Amino acid sequence: MSKPFYITTPIYYPNAAPHVGTAYTTIICDVVARYKRLVGEEVRFMTGVDEHGQKIQEAAEKNGFTPQQWVDKMSLNFTTLWEKLNISNTDFLRTTQERHLKTVREIIKKVHDKGDIYRGEYVGKYSVSEETFVPENQLVDGKYMGKEVIDVKETSYFFKLSKYENALLEHIEKNPDFIKPEGKKNEVIAFIKQGLQDLSISRTTFDWGIPLELEEGHIIYVWFDALNIYLTGAGFSTDTEQFDKFWTNGIVNHVVGKDILRFHAIIWPAMLMSAGIKLPDTIAAHGWWTVEGEKMSKSLGNVVNPEEEVGKYGLDAFRYYLMREATFGQDADYSKKAMIQRINADLANDLGNLLNRTIGMQKKYFNSEVVLNEVEESFDIEVKELWKITLTDLDKHINNYQFSEALKDIWKFISRMNKYIDECEPWKLSKDESQKGRLSTVMYNLVDSLYKIAVLISPFMPETAQKMINQLGLDKDVTKLHISDIKDWKSYPAGNKLNEAVPLFPRIELEEEPKKEYN
Ligand code: ME8
């Protein structure tokens, strides 16, 4: 029996509208969650928003709202978008929710009881945009990640992060899946080996946060608050049974962008060690998206709006592009040209044509009825062998967050089936009455492969998979299928009838556009 599976996105700051980066992280988690359901695992999938901190308070004031009004309004941008992107999250969390306050208080108490919190003074730089304390040696021209920093001098409570240096290194070494991919793991190890400083965990110069019960006037540092959301989402403060099932005895995966890996792979596990709670199994860090070769930023005016992209290209094309184009862990470039090429080549040509040609021929030769005969030839054996490899490799790739590889493998199978049509030449077989058995075998294999392909792409492109299932004449909900339904050859019910073919992805003409001037 496989263990219950719990996957989380970071919780996003609701200040800014969601963009291609946040959509990417969330779609990754959605693909994994859907895949895990497909293989029969029980899944909890949490996303949400990070609503406290100085950055939020300042933005609220600037826009004439109270912080609570501001986050109430802004967090809607996220819930609405995730629905439009067909995200199958089972929970949406906000750090202002009561259940989360309870978690944070309890964790602080555990860490304090362990003797890992002390009172001191923080004197140094702080980046409001990244909500992080910045050591002098990380400043470049007086800035952090290209943004202004402020001077902070205030009484603060500290978490003994430095105490966990060795325990963290040991944990990372003993658990090869703890940080993925390998390159990112090495960066974290190198960072810890430079030496960790204790972490200031309370602020006194603004008040939008969870009060620290140890002393009036202190509010909890936003990251020390936000990281606990993962516990809240598993039921830490609300449902012990569920928490034990998904966290203590389940498999826990956090997906984050590379920018926030250190918080997740250093501060978070140290907090958990201090509180005596099991660490997550995997923290997977992805790279960043640039846009047409440039850094994505508000000032350049090139922030990609997921809703607009979906409007232009369709939801599943957008989801496919993000998952296919980026090598997990590395930066990738969002480009209109590459998007259109992928839609035309992979989706309209390879996948769309396979479906259209098959449905068209089945109609012509068998009045859409799928007949099962077994007149085998060497091509059949070859495609069946490839099918077995595709299934096994897909599982490996998804468990390793190698989505581009997973899709490449599915597309290798799609291309093989397109080639199978050319090799078997059904149009010739149809002219020879003695080849009727062979013709029906070839057609059956094509239909069966399309059923299999629909199921395999369903975590990536759920709507397309459902359309394929419908056109294949199957009365099935693609989200309720199990991988074992299509594991063996001959999973398509013989005697069934196909429906009419409807193109899945229309081809898009790439017209040259004048280069956009940024100001
Ligand atoms: O950091 N490419 O929230 P955030 C890819 N609240 N992904 C990108 C990206 C880009 N260009 N830009 C952003 C926070 N992201 C904290 C997290 S978790 C306890 C607290 C994605 O709104 C990426 O996943 O700044 C990154 O980790 C996340 O947005 C940061 O979102």
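General observations
- Placed amide H near Ile508: partners under 5 Å, 5+ positions off or other chain: Asn344
- Rounded to 5, percent antiparallel among DSSP beta bridges of the chain: 50
- Here the simple spin-label model places points 7 Å from the Cα toward Cβ, and for Ser335 and Thr90 these points are separated by 4.1 nm.
- Set of aspartates and glutamates near Lys102 by C-alpha distance (under 15 Å), chain-local residues within fewer than 8 positions excluded: Glu213, Asp225, Asp239
- Highest to lowest packing among 83-90, 30-37, 224-231, scored as the average C-beta count within 10 Å: 224-231, 30-37, 83-90
- Cross-link partners of Lys114 among lysines, defined as those whose alpha carbon lies under 18 angstrom from its own and excluding same-chain residues fewer than eight positions apart: Lys160, Lys163, Lys278.
- The local environment of Phe236, defined by Cβ-Cβ distances under 9 Å, has a net charge of 0 under the rule Lys, Arg +1 and Asp, Glu -1.
- Unit charges at the beta carbon, dipole of region 354-404: most positive-side option, Leu355, Leu386, Val370: Leu355
- Span from the region 324-367 Cα centroid across to the region 444-475 one, whole angstrom: 14
- Pairwise centroid distance, computed over Cα atoms, of region 1-71 with region 169-202, Å: 23
- Electrostatic dipole magnitude of the chain [Cβ: Lys, Arg +1; Asp, Glu -1; Cα centre; debye, to 20]: 580
- Translational diffusion of region 138-209 was estimated from the Stokes-Einstein equation, with Rh taken as the Kirkwood radius over Cα pairs; at 20 °C and 1.002 mPa s the coefficient is 143 µm²/s.
- Per residue, the convex hull around the alpha carbon atoms of region 394-451 comes to 70 Å³.
- Mean residue ellipticity (222 nm) of the chain, computed from DSSP H runs ≥ 4 via -39,500 (n - 2.57), nearest 500: -13500 deg cm²/dmol
- 5 angstrom amide H check on Gly257, placed H, neighbours 5+ away: His286
- Gained length - Lys364 relative to Leu139, 0.36 nm times residue gap less alpha-carbon distance: 74.1 nm
- Linear extension gain, Lys102 paired with Ala167, 0.36 nm per residue minus alpha-carbon span: 20.7 nm
- Based on alpha carbons, the Rg and Dmax found for the chain are 26.1, 90 Å.
- If only the Cβ of Lys and Arg carry +1 and only the Cβ of Asp and Glu carry -1, the dipole of region 421-519 around its Cα centre is close to 460 debye.
- Evaluating 6.51 cos²θ - 1.76 cosθ + 1.60 at θ = phi - 60° for every residue in region 493-504, the Karplus couplings come out as x, 4, x, 6, 10, 7, 8, 5, 7, 10, x, 7 Hz, glycine and proline recorded as x.
- Packing-based ranking of 466-472, 298-304, 389-395, 310-316 yields 466-472, 310-316, 389-395, 298-304, ordered from highest to lowest mean Cβ neighbour count within 10 Å.
- On the basis of the beta-carbon distance and an R0 of 25 Å, Lys312 and Asp477 show a calculated FRET efficiency of 0.30.
- Cα-based convex hull, region 329-418, per residue volume (Å³, whole number): 113
- For a label point 7 Å along the Cα-to-beta-carbon line of Glu511, residues of region 304-318 with backbone N under 16 Å: 312-313
- Proximal lysines to Lys388, defined as alpha-carbon separation beneath 21 angstrom and excluding residues fewer than eight positions away on the same chain: Lys36, Lys396, Lys408, Lys412, Lys419, Lys452, Lys487, Lys490
- Label-to-label distance for Lys278 and Asp239 is 1.7 nm, based on points extended 7 Å past Cα in the beta-carbon direction.
- What the phi angles of region 120-134 give under the Karplus curve with 6.51, -1.76 and 1.60, with θ = phi - 60°, is a coupling list of x, 9, 9, 10, x, 8, 9, 9, 5, 5, 9, 6, 8, 6, 10 Hz, glycine and proline written as x.
- Over region 386-519, the ratio between the Cα radius of gyration and 2.2 N^0.38 Å evaluates to 1.27.
- Alpha-carbon gyration tensor eigenvalues x 5, square-rooted, for region 88-133, Å: 26, 20, 8
- Amide H to amide H distances under 5 Å link Leu93 with Thr47, Gly48, Val49, where only residues 5 or more positions off or on other chains count and H is placed in the peptide plane.
- Calculated from backbone phi, Karplus (6.51, -1.76, 1.60) coupling profile of region 292-297 in Hz, x at Gly/Pro: 6, x, 10, 4, 7, 7
- Dipole magnitude (debye, nearest 20) for region 372-411, charges at Cβ of Lys, Arg, Asp, Glu: 300
- Most positive-pole-ward Cα, Thr8, Asn302, Ala317, against dipole of the chain from beta carbon charges: Ala317
- Taking 7 Å steps out from each Cα toward its Cβ at Asn249 and Lys62 produces label points 4.8 nm apart.
- Positive-end extreme of charge dipole, the chain - chosen from Tyr164, Gly64, Leu139 (charges on Cβ): Tyr164
- Kirkwood radius, region 142-277, all distinct C-alpha pairs, inverse of mean reciprocal distance: 16.7 Å.
None of the figures in this text is laboratory data; all of them are computed from the coordinates on show. All figures in this text were calculated on a predicted structure; none of them were measured in a lab. Every residue, glycine among them, receives a Cβ derived from its backbone with ideal geometry; neighbour counts consider all protein chains shown.
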